[in-house]
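> Could you have a look at this structure, given as structure tokens, before my questions?
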Amino acid sequence: MKKLFLTLTAVTAFTFATHAQTEKGKFLLGGQVGFETAKVKDTDLKQNAFSINPTVGYFVSDNWAVGTGVGYNWAKSEQATLTSETNAFQVAPFVRNYIGEGQFKFFSQLSVPMQWGKNTTEGAAVETESKFEKYGVELAPGFAFFPTSKVGIELKVRGLYFDSYKDKAADRTTNTFGLDANSLAPTLGVQFYF
């Protein structure tokens, strides 16, 4: 009986400890780092990309966090004598709501990603530079597992989104609307809570 009582006490304490991550006054810290490289076989096409987008949020009430991500994206493509490069600064304020108790919680995140940057193309007879700006709205669902009170492991899909991309040099705007809920290709992330 004593062992059963101790086991139940430990499980209850662990459940309460893991519940404390999304309380009012707590912070969440995470982000995204990416790198990609590609070379097309039997051609001289090479592509590289790098991105870093840290995020921070604050719980304004239980299960409700507001925050932002700030980052940088870079991509370069080289083929024969033509080189294209993209540099962009990114800001993405968000509101996130958690639903559930204990170690497993669903969440939804509404974010407003914004990006400003430039595309540069250089070649034997070509040299162009165009600035761009991109604004969007995204509603993304996800699932978080909290193995400890300080760490959350997340699976998230892009969800419902709208993007407006404006190429200033061409004075052209491209609007994109979509639903990306592919459960077979979610993003995997880790958030830290303190």
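The values are calculated or read from the model by the stated rules, or taken from the named source; none is laboratory data. What you see is a predicted model, and the numbers here were worked out from it, not measured in a lab. FYI the Cβ positions are ideal-geometry reconstructions off the backbone, even for glycines, and counts take in every protein chain you see.
> Go through E129, E138 for me and flag whichever is crowded, with 17+ Cβ neighbours inside 10 Å and within 23 Å of W74 (Cβ to Cβ).
On the way: E129 fails: crowded, with 17+ Cβ neighbours inside 10 Å.
Among E129, E138, only E138 is crowded, with 17+ Cβ neighbours inside 10 Å and within 23 Å of W74 (Cβ to Cβ).
> Can you pull out every residue in segment 1-49 that is modelled with pLDDT of 85 or more and of a type in the set (S, T, Y)?
T22, T37, T43
> Search segment 135-157 for residues being touching a Gly at 6+ places or on another chain (Cβ under 8 Å) and assigned to a loop (DSSP other than H, G, I, E, B), and hand back the single one that is farthest from P113 (Cα to Cα).
Per the criteria, the residue is F146.
> Just to be sure I understand, how many residues within segment 149-177 are free of Cβ contacts under 8 Å to residues at least 24 places away in the same chain, over 17 Å from the mean Cα position of the chain (by Cα) and on the phi < 0 side of the Ramachandran plot?
6
> Restricting to segment 51-65, name every residue that is of a type outside the set (A, V, I, L, M, F, W, C) and either part of a strand (DSSP E or B) or farther than 30 Å from F143 by Cβ (or both).
Initially, segment 51-65 is screened for residues of a type outside the set (A, V, I, L, M, F, W, C), giving 51, 53-55, 57-58, 61-63.
Selection gives S51, N53, P54, T55, G57, Y58, S61.
> Then there is this: Would you confirm, using the coordinates I've provided, whether G25 is within 29 Å of K105 (Cα to Cα) and either outside any strand (DSSP E or B) or among the charged types (D, E, K, R) (or both)? Please lay out each step first, then the result.
On the way: within 29 Å of K105 (Cα to Cα): yes; either outside any strand (DSSP E or B) or among the charged types (D, E, K, R) (or both): yes.
Considered against the rule, which asks whether it is within 29 Å of K105 (Cα to Cα) and either outside any strand (DSSP E or B) or among the charged types (D, E, K, R) (or both), G25 comes out as yes.
> Further question on the same structure: N53 - would you say it is under 22 Å from the mean Cα position of the chain (by Cα) and at pLDDT below 95? Let's see the steps before the verdict.
Details: under 22 Å from the mean Cα position of the chain (by Cα): yes; at pLDDT below 95: yes.
Yes: the conditions hold for N53.
> How do the strands (runs of 3 or more DSSP E) wholly within segment 66-124 filter down when requiring 3 or more residues that are crowded, with 18+ Cβ neighbours inside 10 Å: which remain? Let's see the steps before the verdict.
On the way: elements: 82-99, 104-111, 114-122.
The qualifying strands (runs of 3 or more DSSP E) are 82-99, 104-111.
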